Amino acid sequence: MDMDAFRQMVAKQPNGFLGRYGLGNKLLQEGNLEEAVEHLQVAVRLDPVHVASHLALGKALIALGRREEAKPVLRAGIDAALSGRSNGGGDLVPDMRALLQAMG
């Protein structure tokens, strides 16, 4: 889906997880980090066990230099994946651990 389609999804359903995550992820890919964080924070709030949302939000926060905010987000993503509360996401754990390790 393209950016406009995700924007339309969010406009129609502001509390819809898929639109928020999709738009946030697209914005992250395009380097619009501040807006990406806004949408990804909502996505994480709407579905706290969606591991990819945590990873995307963590990456956006790190790119903005907000490392202390990124750490608990990434840890929560790892916890969701390893606890069995999420539907998958275990394959993203090494990426999240690497980001945490790189931050020290």
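Derivation of every value follows stated rules applied to the coordinates shown; laboratory data play no part. Quick caveat: nothing in here was measured; it's all calculated off a predicted structure. FYI the Cβ positions are ideal-geometry reconstructions off the backbone, even for glycines, and counts take in every protein chain you see.
Round to the nearest 0.05 the FRET efficiency obtained for residue 2 and residue 66 when R0 = 35 Å and r is the Cβ-Cβ distance. For R0 = 35 Å, the calculated efficiency reads 0.80. The share of alpha-carbon pairs in the chain lying farther apart than 19 Å comes to 39%.
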